[in-house]
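The values are calculated or read from the model by the stated rules, or taken from the named source; none is laboratory data. Given the structure is predicted, the values throughout are model-derived calculations rather than measurements. All Cβ positions, even for glycine, are placed from backbone atoms using ideal geometry, and neighbour counts span all protein chains on display. Quick note on the areas: whole protein, heavy atoms, side chains included, nothing else; ligands and nucleic acids left out. Shrake-Rupley method; radii C 1.70, N 1.55, O 1.52, S 1.80 Å.
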Amino acid sequence: MSKFQPRPAPPPEAVPDGGWGWVVVGSLFVSSALVFGLIRSLGVFFVEFVQHFDESAQVISWITSIGVAMQQLVSPVGTALCYAYGTRPVVMMGGFLSGMGFILASQATCVTHLYLTMGVISGSGWALVFTPTVASVMQYFTRRRSLAMALGFTGIGLSSFAFSPLFQLLVDTYTWRGALLILGGLSFNMVACGALIRPPGGPKAAVVVETQSDVHSSACASALSKAYSYLELSLLFQRPFLTYSLAITLFNFGYFVPYVHLVAHSRHQGFSQYQAAFIISATGVTDIVGRLVSGWSSDLGRLRLPHMLCLWTGLTGLFLLLVPLGSLGGSYPGLVVVSLAYGFCSGAMTPLVFSVVPEIVGMQRTLGALGLLQLIESVGGLLGAPLSGLLRDITGNYTASFEVAGIFVILGTLVTTMLPHFFSRTAPPPLASPRTPGQDTKDAESALMKSPSSFSEGLNHLDTLPFTEPQLDRSSLNLDQGDLPLKQGRSEVDNDC
Amino acid sequence: MSSTLIHSLWFLLVLFSRGIDTTETPPPLVPDDPPALLEKSVVLKGDSHVENVELLEPIKVKLDCTWTGNKTKLPNITGYWKKDGIEIDNTQVRVQLENERYNLKKVFSINKDNLGDYSCVFVGSQDGAKIDFHLAAPKMSDMRDKPVVSYVGDSVVIDCKSKKPPVYWLWYKVNGTEKELIDTGANSSRHRMHVNAEGYHSKLTVLLVNESDAGIYSCSAVFHIGASEGHVELRVITFIEPLKPFLAILVEVVVLVFLILLCEKRNSRKQNHSGNENQSAQTSKLAQGENGMEESSTIRQRKM
């Protein structure tokens with residue numbers, strides 16, 4: 001009798017591809033609206049904070065920077081906690097934390113309080129809500145996964161339109177303290193969203209496989225090895241994953257630049273405030289459309305996912321380079337056209353950025369891989385905005401910022417071509433995981449690979465860029481957080497054992 | 001001629017008397033030194049134009065109107081001046097066409113009693129032209145149109161900004177049609193209010209706001225020429241105001257979570273009833289399988 005005997009896992013429920021899955025999509029819709037839609041519309045509060053605390057815009061903009069940074073850094077922890085305790089408690093706790101953060105912030109007497117409450121506490125809450133919810137949606141769908149994800153993420157786009165005027169109304173009626181209190185209450189709705197997430201097939205049975213059944217090992221060592229496997233740290237030693245994370249980081253350097261600087265650039269070219277705001281809104285609309293189109297079309301499976309990714313990222317980089325040209329000579333239609341095209345391509349690129357992950361690391365490790373990727377790509381996000389701001393300060397206009405951003409995105413595209421088996425017609429076998437014993441699991445996984453699984457959005461913390469000019473960017477930072485891989489994949493592995 | 005001399009003397013007298021009232025040393029009386037003259041000239045191509053002129057103190061203003069004329073350029077047309085829409089007597093003159101233009105000039109002595117709209121009017125054969133000069137004290141800049149909201153017990157700052165620094169600032173609380181001057185002296189009942197006036201800005205700080213402080217506040221920037229006012233509304237709310245929607249949302253969330261978990265418990269109970277039979281069948285099969293294996297291994301051992 002081997003000590004390694006796993007207890008019999010319940011048979012994996014056939015993924016229904018619908019039914020309760022659509023309820024979870026609704027939960028994702030509301031959660032993503034309350035996380036990223038909310039972050040995008042915090043600009044209303046910035047104006048009030050600058051006046052009340054008598055601080056510069058730079059100091060106040062750190063609030064969102066810290067919030068977004070926490071959301072990314074704590075993401076791997078969030079996914080690890082999901083492995084340990086299941087998705088539902090983690091998401092409900094996340095909703096509670098983000099609400100508490102805002103409620104405490106309403107009592108703030110100095111900016112540091114805001115950093116700690118709105119930044120650290122709410123940011124951690126967002127991390128615990130977003131990535132697990134995305135993973136859960138993916139559990140419920142196979143064929144229509146990308147469409148489900150795209151639908152879930154439309155919450156971000158739509159809420160950023162609705163929240164800005166709503167927040168302005170709240171601030172006008174109740175001052176920022178009262179408005180923050182009400183926002184905290186709104187964020188508590190994410191607890192209800194978390195309650196909707198029923199884990200299909202029970203709590204993670206895969207955990208049992210992992211625990212080394214050596215009874216003599218100390219609790220500390222087993223906890224460490226658990227943490228190591230939950231956080232998927234072994235991925236950091238594998239070249240394809242590292243290549244891909246480099247590519248994603250390069251994308252993030254350039255992706256958000258238009259959302260931060262497009263308004264300022266259009267004002268600089270001499271267009272009015274309303275014209276500039278219209279460009280941003282229109283770009284937001286094409287972004288949503290691009291995501292849905294890309295999610296639907298990649299489900300069709302005509303092209304391999306990395307190829308489609310390169311297509312869209314290449315186009316995104318190209319249009320980034322064209323933005324300064326589009327507004328050449330004060331031409332407003334030119335700028336609008338290029339911005340719309342950019343919006344469409346960048347929206348199209350985001351679902352694929354996540355869909356490719358299972359091809360590289362395997363379905364069962366995608367959850368942890370996404371958590372890690374979010375952590376790594378945050379470098380690109382955090383450095384990209386200040387870099388483009390610096391370029392603007394040095395050169396005096398935004399041309400250099402857009403050109404450099406476009407170059408970064410194209411570099412990312414080139415790095416993506418360096419993925420193994422990029423130029424082959426069929427999907428390569430996924431990375432060998434220390435946990436999968438034997439060849440039969442690989443067959444099961446590659447069979448899963450063949451069905452195009454487009455995860456939409458995962459990585460972008462773009463929506464919550466630190467504002468350099470708070471009065472400009474109330475809308476539009478595209479943050480789409482990524483999807484987590486199936487828990488279902490794990491339970492299948494268990495059955496094979 | 002004598003009237004203008006009396007006019008200037010009277011003007012200087014006014015200046016001198018002002019000098020006596022203030023604590024500053026009065027300006028030296030030099031009758032030959034003409035008072036400052038502000039020149040404002042406008043060239044009109046269309047048929048009307050409005051020009052805003054900001055004045056800080058009593059001054060002589062020379063208004064210079066030039067009209068490029070209409071299509072039929074008559075050599076002679078009439079021109080006159082209006083104040084606040086009413087024609088000023090004895091200002092009608094004949095205007096000659098010079099260099100394809102008509103020109104009207106007049107010097108007005110402006111003090112705080114005769115601020116208003118001064119217009120020069122050209123009357124042609126079929127149409128005419130009018131240029132309005134709006135002479136007034138500098139207006140407030142960036143006046144808030146939304147009310148300032150504050151909580152009971154909190155302190156709030158209401159501020160006004162003027163385009164040019166006035167001589168001094170005054171604050172009023174408007175009760176219906178009456179304006180009550182806010183006296184921030186130590187003995188007044190309004191010691192909760194402080195005024196901080198620094199040139200362009202003036203801030204009224206109200207400490208320990210209570211509900212009776214709500215209403216419209218009026219800041220008045222007083223120049224030599226007169227005062228210019230701005231209005232700000234103060235709304236006072238208690239902390240219960242935002243608490244109401246907050247509690248409503250909390251109740252909604254709790255109810256939702258409760259309902260969702262309740263529905264799920266009910267569904268899982270139904271599933272358990274049907275699922276239990278299947279599971280027991282499976283576990284019994286497995287148990288039999290394991291027993292069978294063990295038996296065969298022991299049989300082998302025995303054989304060996």
Heads up, the strands (runs of 3 or more DSSP E) in segment B:107-152 (entirely inside) with at least 2 residues that are in contact (Cβ under 8 Å) with a residue 12 or more places away in the chain and more than 14 Å from chain A (Cβ to nearest Cβ) are B:116-123, B:128-136
### Task
Output yes when any residue across segment B:249-272 is open to solvent by 60 Å² or more (accessible area, probe 1.4 Å), farther than 30 Å from A:Leu196 by Cα and either outside any strand (DSSP E or B) or in contact (Cβ under 8 Å) with a residue 60 or more places away in the chain (or both), and no when none is.
no
A:Thr173 meets each of (1) more than 22 Å from A:Gly284 (Cβ to Cβ); (2) away from chain B (no Cβ under 14 Å) with one exception, condition (2)
In the set A:Gly334, A:Gly290, A:Gly284, A:Gly343, the lone residue that is under 30 Å from A:Pro165 (Cα atoms) and in contact with an Asp or Glu (Cβ under 6 Å, 6 or more places away or on another chain) is A:Gly343
Pairing a residue in segment A:177-201 that is at the interface with chain B (Cβ under 9 Å from one of its Cβ atoms) and closer than 20 Å to B:Arg266 by Cβ with any residue that is buried (at least 24 other Cβ atoms within 10 Å of the Cβ) and not small (Gly, Ala, Ser), where Cβ atoms lie under 6 Å and the two sit 6 or more apart in sequence or on different chains, gives A:Gly194/A:Val91
For segment A:365-395, the count of residues that are more than 19 Å from the chain's Cα centre (by Cα) and open to solvent by less than 10 Å² (accessible area, probe 1.4 Å) equals 1
For segment A:95-112, pairs from a residue that is within 14 Å of A:Ile60 (Cα to Cα) to a residue that is part of a loop (DSSP other than H, G, I, E, B), with Cβ under 8 Å and 6 or more apart or across chains, are A:Val111/A:Glu55
Exercise for review: Answer yes if at least one residue in segment A:297-318 is in a helix (DSSP H, G or I), touching a strand residue (DSSP E or B) at 6+ places or on another chain (Cβ under 8 Å) and under 28 Å from A:Pro351 (Cβ atoms), and no otherwise.
Suggested key: no
Filtering segment A:286-303 for residues that are out of contact with any Phe, Trp or Tyr (no Cβ under 9 Å at 6 or more places or on another chain) and over 19 Å from A:Phe141 (Cβ atoms) leaves a count of 2
| field | Flag for B:Thr91 being part of a loop (DSSP other than H, G, I, E, B), modelled with pLDDT of 80 or more and open to solvent by less than 50 Å² (accessible area, probe 1.4 Å) | value | yes
Scan segment A:10-25 and tell me whether some residue there is modelled with pLDDT under 85, in contact with an Asp or Glu (Cβ under 9 Å, 6 or more places away or on another chain) and open to solvent by less than 20 Å² (accessible area, probe 1.4 Å).
no
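The rows are residues; the columns are (1) closer than 30 Å to B:Pro166 by Cα; (2) at pLDDT 85 or above.
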site: B:Pro26; (1), (2): yes, no
site: B:Pro35; (1), (2): yes, no
site: B:Lys45; (1), (2): no, no
site: B:Asn52; (1), (2): yes, yes
site: B:Lys71; (1), (2): no, no
site: B:Pro75; (1), (2): no, no
site: B:Gly85; (1), (2): yes, yes
site: B:Val107; (1), (2): yes, yes
site: B:Asp117; (1), (2): yes, yes
Considering residues that are within 11 Å of chain B (Cβ to nearest Cβ) and β-branched (Val, Ile, Thr), the number found within segment A:139-170 is 0
(message) Condition (residue is under 21 Å from A:Ser160 (Cβ atoms) and out of contact with any helix residue (DSSP H, G or I) (no Cβ under 7 Å at 6 or more places or on another chain)) applied to segment A:297-311: is it met by at least one residue?
(response) no
